Amino acid sequence: AQKITQTQPGMFVQEKEAVTLDCTYDTSDPSYGLFWYKQPSSGEMIFLIYQGSYDQQNATEGRYSLNFQKARKSANLVISASQLGDSAMYFCAMRPSGSARQLTFGSGTQLTVLP
Amino acid sequence: KAGVTQTPRYLIKTRGQQVTLSCSPISGHRSVSWYQQTPGQGLQFLFEYFSETQRNKGNFPGRFSGRQFSNSRSEMNVSTLELGDSALYLCASSLALIRGDEQYFGPGTRLTVT
């Protein structure tokens, strides 16, 4: 079974500052993928970034980077230069490699960017 | 390229009724997955369809069912609705690659059961 833990129900950050959202996971699968999604109040889940468990380098996508520490089983999302539009719910998720598309989600972190 | 579309966006039903939700994946995507999101349980996986076959199923009662058509469009059906079925239902599509396969979500259908 897979489990994702996000221990920060809510976070505040000042506009233009960087913020780190925590995510730890537990799995017995030897190979897996880690994802971060953003969910604004409209409800749509927006894909942000992906990290494979065997990827040597941390993933980056524009202002988003994933701080992947495999031994610690953590996959923290770093948002640089926060913008007001970044205010949303953020979910960490994982999926075993292979044919199954099933994502296991964490409980989410509500990020509020302050002007 | 058009994104994942879901219809209807909002739905109000009465206990005991049944409902059908529709999801059209991104063109070329063959895998469609469904998720239920509630404040109490969070995001939970319902099932996944690939090439018209259910490939994976979450821990939901048999009242929840789905299907996929040859054009990859998918429907999910909930029979004998209960108040607890009120939720945001999200579908996601993907290319079904083995690695690095992002799932793209639709805007969701918000179901209210009264």
Extreme residue, nearest to the other protein chains (Cβ to nearest Cβ), among residues of region B:12-71 that are surrounded by 15 or more Cβ atoms within 10 Å (Cβ to Cβ) and of a type in the set (A, V, I, L, M): B:Leu43
Identify, from the list A:Leu66, A:Leu111, A:Leu77, A:Leu48, the residue that is hydrophobic (A, V, I, L, M, F, W, C) and touching a residue at least 60 places away in the same chain (Cβ under 8 Å). A:Leu111
Among A:Thr27, A:Thr5, which is hydroxyl-bearing (Ser, Thr, Tyr) and either within 22 Å of B:Gly3 (Cβ to Cβ) or surrounded by fewer than 16 Cβ atoms within 10 Å (Cβ to Cβ) (or both)? A:Thr5
Restricting region B:72-88 to residues that are aliphatic (A, V, I, L, M) and within 14 Å of chain A (Cβ to nearest Cβ), which is farthest from B:Gly16 (Cα to Cα)? B:Leu88
Can you tell me which residue in region A:67-107 is farthest from the other protein chains (Cβ to nearest Cβ), limited to those that are over 26 Å from A:Glu17 (Cα atoms), buried (at least 19 other Cβ atoms within 10 Å of the Cβ) and within 15 Å of the chain's Cα centre (by Cα)? A:Met94
Just the residues that are away from chain B (no Cβ under 11 Å), surrounded by fewer than 16 Cβ atoms within 10 Å (Cβ to Cβ) and either among the small types (Gly, Ala, Ser) or under 10 Å from the mean Cα position of the chain (by Cα) (or both), please, taken from region A:30-66. A:Ser41, A:Gly62
Kindly list the number of the only condition in (1) more than 14 Å from chain A (Cβ to nearest Cβ); (2) within 20 Å of B:Asp101 (Cβ to Cβ) that fails for B:Val4. (1)
Read through the list (1) more than 14 Å from chain B (Cβ to nearest Cβ); (2) among the charged types (D, E, K, R); (3) under 21 Å from B:Glu102 (Cβ atoms), then give the number of the only condition that A:Asp26 fails. (3)
Single unsatisfied condition, B:Cys91 versus (1) within 9 Å of chain A (Cβ to nearest Cβ); (2) closer than 30 Å to A:Ala59 by Cα: (1)
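No value in this document is a laboratory result; all are computed from the given coordinates. Just so it is clear, the model here is predicted, and its values are computed rather than measured. Note that each Cβ is placed from the backbone with ideal geometry, even for glycine, and that neighbours are counted across all protein chains shown.
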